[in-house]
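Some notes on the structure that comes next.
The values are calculated or read from the model by the stated rules, or taken from the named source; none is laboratory data. Just so we're clear, the structure is a prediction, and the values are computed from it rather than from any experiment. For neighbour counting, all protein chains shown are included, and Cβ atoms are generated from backbone atoms with ideal geometry for every residue, glycine included. Side chains included, ligands, DNA and RNA excluded: accessible areas come from the protein's heavy atoms. Shrake-Rupley method; radii C 1.70, N 1.55, O 1.52, S 1.80 Å.
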Amino acid sequence: MINLGPLPEGLAVRQPRLPSTLILHGASDPVVPFSQAHATERILQEQGTPYEIEICAG
C-alpha cells in the first residue's frame, strides 16, 4: 500500500483488506498527524495483515 498522506476518509469504517504494508512516518511531520500512523497500524492489526512500522525522528 502506498499512501502519501492522511488515511482516506472513512477507511477505518470500510476496512478493505489491505496488503502487507510498511508504515514510515516522521515524528514531527507538519502535514500528516502522527496519529495516522497508529490508526493505520490498528487497522492492519485487526485484519491480521503483516506490517512493519518505523517512526523516524524529526
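Some observations on this one:
- Only one of the numbered conditions (1) open to solvent by 70 Å² or more (accessible area, probe 1.4 Å); (2) at pLDDT 80 or above is not met by L44, and that is (1).
- P50 passes every criterion in (1) surrounded by 13 or more Cβ atoms within 10 Å (Cβ to Cβ); (2) at pLDDT 90 or above apart from (1).
- When the range 27-38 is filtered for residues that are in a helix (DSSP H, G or I) and open to solvent by less than 20 Å² (accessible area, probe 1.4 Å), only A37 remains.
- Of all the residues in the range 17-26, those that are open to solvent by 50 Å² or more (accessible area, probe 1.4 Å) and at pLDDT 85 or above number 4.
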